[in-house]
Amino acid sequence: MKIISFAIGRPVTIVMLMVAMVLFGSIAFQRLPINLLPDITYPTLTVRTEFVGAAPNEIENLISEPVEEAVGVVSGVVRVSSISRPERSDVILEFEWGTNMDFAGLDVREKIDLLNLPQTAEKPILLRFDPSLDPILRIALSGDESLTALRIMAEEEIKRELESLEGVAAVKISGGLEEEIHVELNESKLASLSIPITQVANRLQQENVNLTGGTIKDGESEYLVRILNEFQNVSEIGEIIIGQVNNIPIILSDVAQVSKSHKERKISTRINGKESIEIAIYKEAGSNTVSVAKGVKDRLETVETNVSGIATGVDMEIVFDQSTFIEQSVDEVLMTALYGGILALLVLFLFLRNSSTLIIGLSIPISVVTTFFFLYAFDVSLNIMSLGGLALGIGMLVDNSIVVLESIDRYRRRGDISGDEVAYRGASEVGQAVIAATLTTVCVFVPIVFVEGIAGQLFRDLALAVTFSLVVATLVAVTLIPMVSSFMGREQKNPYVDNSAEALPADATTIWGKVRILIRTVWNAVIRLLSFIVLAIFSIIKYLVIGVWMVLRTILTPLSFLFDLILPVIQKSYTPLLGWTLTHRAAVLLFAIVMLSGSLSIVPSLGIELIPEMSQGEFFVNVKLPVGTPLPVTENTLNRMSEITQGYPEVNTVYVLAGTMGQSGGNAGEERENIGQLHGRLNPGIRGEPEEQIMNRLRIDFEGIPGIEAPKFARPALFSFKDPVEVEVSGYNLTRLTEISEDLALEMSAVPGLTDVKASMEGGNPEVQILFDRRKLATLGLNLGTVTQILQNKIQGNIATALTRRDRKIDIRVWAEDEMRLSLDAIRRLVVNPEGTVPIPLSAVAEVQVAMGPSEIRRVNQQRVALVSAGLSGRALGDVTIDIQQILDGISLPLDFIVGIKGQNEEMNVAFQSMLFAILLSIFLVYLVMASQFESLLHPFVIMFTFPFAMIGVILTLLLTGQTISVIVLIGVIMLAGIVVNNAIVLVDFINQLRRSGKGLHEAIMEAGQTRLRPILMTTSTTVLGLLPMAIGFGEGAEIRAPMAITVIGGLIAGTVVTLVLVPLIYLTLESFMAKVFSIFGSPAGTPASQEVVEA
């Protein structure tokens, strides 16, 4: 091969190339962003519309339905769902995977801009689901100051400091008390003076102004005229004149109480039982999570010490830090790769017992570091998937170098050639097989473009990392390894300088001749210097390698002794085993088929799930109290839960939110007074099973707290924002939907493995319904719209203007005093004709009654639905789904009602279908590559037998380790399809070489098996041991890494046995069969049977 010849002949060039690769890789590593996950683009948009004061029925009719109809025609939409809650509509659009969400967002905005929604509704806003939109940091601000003062500190001091940091997109404040000035009007006084509430609001707006009055000139001076009439304090507000009665001015304080208060509280936060303010930090898209979090934490230290607005006794505690888990996960992957590399080199040493081990070891650091450059070029971040790909391939990085070096050593042991020729022949003999093996491994990642769903998003970074590292490792194997091998066996001399006497040029006495002599002399001096430096570097490396090798040989002597006992036994046993196999082909093949069939029968018992849940040392408990529960009661309930949780020694921090469920799972978070969330952070080191046990114990403890309706435990969502189990019941009648969903939830509660079963249709939402009598209104000369607006202003209030304080504005709300709006009797007494001579109470023209309305209305594809959701504990999603389907099959539904399983099960089906298609396509591509290499249709077919029989090892390993079949396992299977055939490629290629040299079929198979046994065991051992640290599954993110490694290890071990035993058997069988066919039908003269297959 030309590249091998070039590498041997140009050692300095190859060294400089490797140095450049490592240099650029090192620079790129410093600039690569660090994130937890790849940049996952979820094809989901949410249209959110606020409509203050509207009930779910009005939200559905006036907001949700029109929005659904408008956006449902957008290209690429596969599902439109909506949630209509009091005062809010969320319409969720799910698109096909691969949709350009930027263009989709523009299309949706165009549609909603054309909508004709109620004037009092807010303008719809578009939200985009993306896990990176969750805050990377949550900070709790608490202390001795009042909640109002803490809120001001957070908004005026901390928020401003943090928003200026590079990479910070937004800082959101929640909790505490927001300042507001209340103007509480005396209903009876206003009625007696015939002053409407709108007049009060208008006068406040008119009085609170700062305007410019132009300019005036006085002599040589010019002055800017300013009218300064904004309110300076609360007392000024009460002094304004709101009207006149009999030429007597009416002052606001005569008919209203003006006070400094706070907005109606909807959310409260507590940390370890102490009330606090939440400061949520959001990062910009594409920025480095770790560096942004570090910058925020550094700035917080500066704020605490240097900013004057932060009072003493105020504490800022980080309750959630995404960067910590990311750093730990990345460190764990790097350590896993390091341990895997060490183990791979260890097994190499045991096989080789010379300094060649360390020569091969160069493949790992060069390949890994250079890969960072390509990751940077392809905009791939350092995350658990890309680094997991590197760790997964760490053992494979030396495989090609092993094959090349072993071939070179075999030629060197023959002794008939030496020096460069040994390196060239040895490397060239296996060069094509090595490249073909790499192509088969790399080509399995091509079908990634056809993988839909979350699997395709996750697979990309891993595929690129493995591909880049293997390509670089192959380049090292066919260039650096033969070059170093030839160099260490070559007599060292300067290839650039001719030491023989040099004849002087004919024009040596002329000026130009002297210049030429001078240039040549300087050039030779430079070359000698560079050659000396290169030779010195090689000498240093050589003696370092020898020194390290001698140390290793001393340390590993006991292990070497044990290895020397085992390897000869394997080698001596293999030859008779292979001979017996070739003479008992039918029995061996039947046994292999029986083993494969038995293994496949085990698959249903393994269980199926989308993606293993990742333990992060944190958990959430979402809580719902009966609809209508006020916020103080919700707070008390959550405080009780917090006290119980704090009693667990394993729990480090407890953080509660009352009035909301946070954003852990999507942007359509609820905000109601009867809901809340408890966030528990465990002590370092508590992961996996202990974490699950803590949640189960808490689940039991919380059962004794009154009012809680099925608390829902969950971990921070990483891959899917849907519940593990969702059963969707569709129909129009809300009453029947409620009944069916509640009955279904009761039956599902008995399914083993299901936890926190909950129906979305809750008890009715209490409403005060006002039913006007239109005839009475007309008789009294009243207008329904005007009366409705008057009631809204008195009960809900009206933000008339704002009081300016420094850079912030404090709203001034005008409404009726508390005693006239906080009870049913008071509402009935509200005056509906404030400008009339005789006050008319609301009860005179309307019936005021209390009724129960729905708390929320869900719709999917313009049909009302009820959801029954549940979590999982101790069972796989696929197994639970089978049990649920049996329940659904036994349900008798009314006409026009439909029930189906949705949630993660739906996502799992899409992902699995795509992955299975990708596996089949990968196998076909592997066959194409091998057929091109061998120029044969038969031999690739022989090699492909390794894959199905390697599945025996995959299935048994998954069974023994308790792993379920998931997207992660299927990714491992795709990788296995490209890896498991590599040894068989080299074996079959060597058999063909021996046959072309004149050896018989049986003799060639036996000799090839004996010769390739050692390198096959070496490559398998390095790959398996390189994956072993990942398979053991220690540290953060192990739940994602371990299934891939376990899958590949099991498949490789079984595939190695198949390569050494079954592949020779099948090769012999098919070649013998084709020879008989050709003997009957004839073949071109002089054409071996292996070639006749193609020609036939």
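The values are calculated or read from the model by the stated rules, or taken from the named source; none is laboratory data. Note that the structure is predicted; figures quoted are calculated from it, not measured. Every residue, glycine as well, gets a Cβ built from its backbone with ideal geometry; the counts of neighbours run over all protein chains shown.
Being under 21 Å from Asp134 (Cα atoms) and in contact with a Phe, Trp or Tyr (Cβ under 6 Å, 6 or more places away or on another chain) narrows it down to one residue among Pro43, Pro38; which is it?
Sole residue among the options that is under 21 Å from Asp134 (Cα atoms) and in contact with a Phe, Trp or Tyr (Cβ under 6 Å, 6 or more places away or on another chain): Pro43.
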Taking helices (runs of 4 or more DSSP H) that do not extend beyond segment 912-1006, which have at least 2 residues that are among the aromatic types (Phe, Trp, Tyr)?
946-961
Out of segment 636-660, which residues are free of Cβ contacts under 8 Å to residues at least 40 places away in the same chain and assigned to a helix (DSSP H, G or I)?
Asn636
3 or more residues at pLDDT 80 or above and not aromatic (Phe, Trp, Tyr): qualifying strands (runs of 3 or more DSSP E) within segment 702-780
725-730, 754-759, 765-772
May I ask you to list the residues in segment 881-902 that are surrounded by 12 or more Cβ atoms within 10 Å (Cβ to Cβ) and touching a helix residue (DSSP H, G or I) at 6+ places or on another chain (Cβ under 9 Å)?
Thr881, Asp883, Ile884, Ile887, Leu888, Ile891, Leu893, Phe897, Val899, Gly900, Ile901
Restricting attention to segment 218-270, which residues are closer than 18 Å to Ile810 by Cα, polar (S, T, N, Q) and in a loop (DSSP other than H, G, I, E, B)?
Asn229, Gln232, Asn233
Confirm whether Ile857 is under 52 Å from the mean Cα position of the chain (by Cα), of a type outside the set (Gly, Ala, Ser) and under 23 Å from Val258 (Cα atoms).
no
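On the given criteria, is Thr99 of a type in the set (Val, Ile, Thr), touching a residue at least 24 places away in the same chain (Cβ under 8 Å), in contact with a Gly (Cβ under 6 Å, 6 or more places away or on another chain) and surrounded by fewer than 20 Cβ atoms within 10 Å (Cβ to Cβ)?
For Thr99, the condition - of a type in the set (Val, Ile, Thr), touching a residue at least 24 places away in the same chain (Cβ under 8 Å), in contact with a Gly (Cβ under 6 Å, 6 or more places away or on another chain) and surrounded by fewer than 20 Cβ atoms within 10 Å (Cβ to Cβ) - is met.
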The conditions are (1) surrounded by 13 or more Cβ atoms within 10 Å (Cβ to Cβ); (2) among the polar types (S, T, N, Q); (3) at pLDDT below 85, and Thr837 fails exactly one of them. Which is it?
(1)
Cross-chain or 6+ apart pairs with Cβ under 6 Å, segment 604-621 first and more than 24 Å from Ala911 (Cα to Cα), then in a strand (DSSP E or B) and of a type in the set (A, V, I, L, M)
Gly617/Leu682; Phe620/Ala714; Val621/Leu678
Every residue in segment 609-641 that is farther than 23 Å from Thr324 by Cα, under 30 Å from the mean Cα position of the chain (by Cα) and surrounded by fewer than 21 Cβ atoms within 10 Å (Cβ to Cβ), please.
none
Exactly one of these conditions fails for Leu185: (1) surrounded by 15 or more Cβ atoms within 10 Å (Cβ to Cβ); (2) among the aliphatic types (A, V, I, L, M); (3) within 34 Å of the chain's Cα centre (by Cα). Give me its number.
(3)
Scope segment 315-336; condition assigned to a helix (DSSP H, G or I) and either within 16 Å of Ser291 (Cβ to Cβ) or of a type in the set (S, T, N, Q) (or both); matching residues
Gln322, Ser323, Thr324, Phe325, Ile326, Glu327, Gln328, Ser329, Val330, Asp331, Thr336
If I filter segment 908-915 for residues that are modelled with pLDDT under 90, under 29 Å from Glu613 (Cα atoms) and β-branched (Val, Ile, Thr), do I get at least one hit?
yes
Specify which of the listed residues (Ile40, Ile3) is farther than 22 Å from Val865 by Cα, in contact with a helix residue (DSSP H, G or I) (Cβ under 7 Å, 6 or more places away or on another chain) and assigned to a loop (DSSP other than H, G, I, E, B).
Ile40
Looking at the structure I just gave you, is Glu220 loosely packed, with under 13 Cβ neighbours inside 10 Å and either in contact with a strand residue (DSSP E or B) (Cβ under 7 Å, 6 or more places away or on another chain) or assigned by TED's automatic domain parsing to the domain that holds Ala201 (or both)?
yes
Residues being more than 19 Å from Lys263 (Cα to Cα) and more than 47 Å from the chain's Cα centre (by Cα) - total across segment 792-847
25
Here are some residues: Ala121, Ala154. Which one is of a type in the set (Gly, Ala, Ser) and over 30 Å from Asn861 (Cα atoms)?
Ala154
When you check Arg160 against the structure, is it surrounded by 11 or more Cβ atoms within 10 Å (Cβ to Cβ), without any contact (Cβ under 8 Å) to a residue 60 or more places away in the chain and in the same structural domain as Thr312 (by TED's automatic domain parsing), yes or no?
yes
For segment 851-866, state whether one or more residues are at negative phi, surrounded by fewer than 20 Cβ atoms within 10 Å (Cβ to Cβ), hydrophobic (A, V, I, L, M, F, W, C) and modelled with pLDDT under 85.
yes
